[in-house]
Amino acid sequence: MKRARVAYAGAIHEAVEKDGRLQLNDGRMVEEQEVVWLPPVEPRTVFALGLNYADHAAELAFKAPEEPLVFLKGPNTFIGHRAETRRPADVEYMHYECELAVVIGRPARNVKREEAYDYVSGYTVANDYAIRDYLENYYRPNLRVKNRDTCTPIGPWFVDAEDIKDPMNLTLKTYVNGEVTQEGNTKDMVFDIPYLIEYLSSFMTLNEGDIILTGTPKGSVDTKVGDEVITEVEGIGRLVNTIAGDDTFSIRSSSKEEASKLTT
Amino acid sequence: MLKAKVKFRGVPQSDEVNVRAAEGVVEKNGNQLGLNELAFDAPVSGTIYGTLLNYKGALEALGGEVNEAPYKAAPKAPILYIKPANTINSHSLPIPLPEGVSELEIGAALGVVIGRTATRVSEEEALEYVAGYTVVNDVSIPHASVYRPAIKQKARDGFCPVGPWVVNREEVDNPDSLITRVFINGELRQENTTANLIRPVAKLIADVTDFMTLNAGDTLLVGVPENAPLAKAGDEVRIEIDGVGCLENKVVRENELAGGGF
């Protein structure tokens, strides 16, 4: 089953996909354009993987790591399907990252990889934007690059694990303004899902609702204000996002302030 | 007496109490009890964000290394990390010492607890967004390199004791002039002051909320001082922050904890 969390008619609802429409938990049928899409899982502890596809690592002039490169994200960064992500006026390189997101279903500690899928409740799609201008070499990639408000769209659907036969063989695609700019397959992950669950649970407890963003393949492209970015994972969903400028967020850049001072 | 918020263990609601921070005395409805007569949960519920290298001495300890590979330059923006939900621990509960690890770094951190949604707040207004202050032990497995995120070293179960309470903001005249002390088995092992922060509290809140929202209930750690004391199995660790509180935990091997044998 495909499940969503949406805001509709003044309240937050759980909903399921039915014949191309949404059925709210109270039974109402609504069109997908009539709702505000929220992240399908309320984020608590969210892990993200850097350089987990060898071709993407090479693209960034890194060799694939010998141990998973893991960082964490806070709840502030997540937005739902069909939302807007801010591109600050002063940046030169902001790229999307299409990723399969794995949702943990029950507490996991010292789980062996053979049993790892028993701890997965489902999957969704994430777009783990990065602004490379802000990279520094301390706890890299740091939160200013990877935990910005609006910079991690997630959704639209939470898809039950039992509906995905082989999560390690799914096509990932990103479209910018309708053109395919990134294409890969989850089979090319350096560390696969069972390995990641075994690795993380070997030193800490994973809890229900925790999410692992499993990394992105090659094909990073700079995205500009106004671009429509769709990240798609086969069988999981098609996550639509639009890049918006500072004006949308009522942010006046310092250079504009200077300019306005000069003219007044 | 200072006004503070606590979450007593086994009680569903948070409570408002009066405390004497240095002595560890809690007063409610005219009755006074000592720290050891009470059981606490962590008094915070949101996301805990740590700040790396925010003490002048901590950055100085890296010295010329900051200009060499892999760092190549001194940090410009605040360097943050997350202490995830599994790390949150409370006063008087054990800090698990993972198998194969002999010593833990004790990070004496002032925790700034956020009171309302803070997005792009100015330095001048930043403290208005603070609900209060607490003591946090930002525990780490020692690691020399800070090039890659240190999840394995900082995000272990129980690696973030918080509490015992949150002292209301109005009770702290100046968060940038608080003495922090670490005692191990009663012996003073570290003393520093938040006067040594590179980014003082208001500036840190302003610079962090420039790119990420802090929500009510989130806690921002201002940093840990240089030369973090090391603690081994059996050590009693006490962190004091003047006018805020004192937080005590014992380091216990994880396989000796209830359920730790699994």
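The values are calculated or read from the model by the stated rules, or taken from the named source; none is laboratory data. These figures come from a predicted structure and were not determined experimentally. FYI the Cβ positions are ideal-geometry reconstructions off the backbone, even for glycines, and counts take in every protein chain you see.
Residues that are more than 24 Å from A:N147 (Cβ to Cβ): find the strands (runs of 3 or more DSSP E) completely inside the range B:171-242 holding 2 or more of those.
B:179-184, B:187-193, B:236-241
Looking at A:A9, A:A48 in this structure, which one is at pLDDT 95 or above, of a type outside the set (D, E) and within 14 Å of A:A126 (Cα to Cα)?
Criteria check complete, one pass: A:A48.
Looking at the range B:70-89 only, could you name the residues that are buried (at least 21 other Cβ atoms within 10 Å of the Cβ) and either at the interface with chain A (Cβ under 7 Å from one of its Cβ atoms) or in contact with a helix residue (DSSP H, G or I) (Cβ under 8 Å, 6 or more places away or on another chain) (or both)?
Scanning the range B:70-89 gives B:P78, B:I79, B:L80, B:Y81, B:I82, B:K83, B:P84, B:N86, B:T87.
Just a yes or no: is a residue in the range B:51-69 within 14 Å of another protein chain (Cβ to nearest Cβ), in contact with a Gly (Cβ under 6 Å, 6 or more places away or on another chain), under 21 Å from A:L206 (Cα atoms) and not acidic (D, E)?
No, the conditions are met nowhere in the range B:51-69.
With A:E14, A:E34 as the choices, which residue is outside the structural domain of A:L206 (by TED's automatic domain parsing), under 30 Å from B:I88 (Cα atoms) and modelled with pLDDT of 95 or more?
A:E14
Would you point out which residue out of A:P107, A:P141 is surrounded by fewer than 18 Cβ atoms within 10 Å (Cβ to Cβ), within 14 Å of another protein chain (Cβ to nearest Cβ) and of a type outside the set (F, W, Y)?
A:P107
Determine if the range B:75-94 includes at least one residue that is farther than 28 Å from A:G50 by Cα, of a type in the set (A, V, I, L, M) and in contact with a Gly (Cβ under 6 Å, 6 or more places away or on another chain).
No: zero hits.
Consider only pairs whose beta carbons are under 7 Å apart and that are at least six residues apart or on different chains; among these, list those whose first residue lies in the range A:185-208 and is farther than 19 Å from A:G122 by Cα and whose second residue is of a type in the set (D, E) and crowded, with 20+ Cβ neighbours inside 10 Å.
Close Cβ pairs (under 7 Å, with a partner that is of a type in the set (D, E) and crowded, with 20+ Cβ neighbours inside 10 Å) amount to A:M204/B:D157.
Could you run through the range B:151-170 and say how many residues are within 11 Å of chain A (Cβ to nearest Cβ) and over 17 Å from the mean Cα position of the chain (by Cα)?
1
Is it the case, given these coordinates, that B:A231 is buried (at least 20 other Cβ atoms within 10 Å of the Cβ), small (G, A, S) and closer than 30 Å to A:T85 by Cβ?
no
Go through (1) modelled with pLDDT of 95 or more; (2) assigned to a strand (DSSP E or B); (3) farther than 16 Å from B:T219 by Cα one by one and return the number of the condition B:A4 breaks.
The number of the failed condition is (3).
Identify all residues within the range A:44-59 that are within 14 Å of another protein chain (Cβ to nearest Cβ) and surrounded by fewer than 22 Cβ atoms within 10 Å (Cβ to Cβ); write none if there are none.
Residues satisfying the conditions are A:R44, A:L51, A:A57.
Considering only residues that are in a helix (DSSP H, G or I) and farther than 20 Å from A:P43 by Cβ, look in the range A:187-208 and name the one that is nearest to the other protein chains (Cβ to nearest Cβ).
A:Y199
Take the conditions of a type in the set (G, A, S), over 18 Å from B:I239 (Cα atoms), part of a loop (DSSP other than H, G, I, E, B) and at the interface with chain A (Cβ under 10 Å from one of its Cβ atoms) and apply them to B:A144. Does it pass?
So B:A144 fails the test.
Do we have B:E124 as assigned to a loop (DSSP other than H, G, I, E, B) and within 14 Å of chain A (Cβ to nearest Cβ) here?
No, not satisfied.
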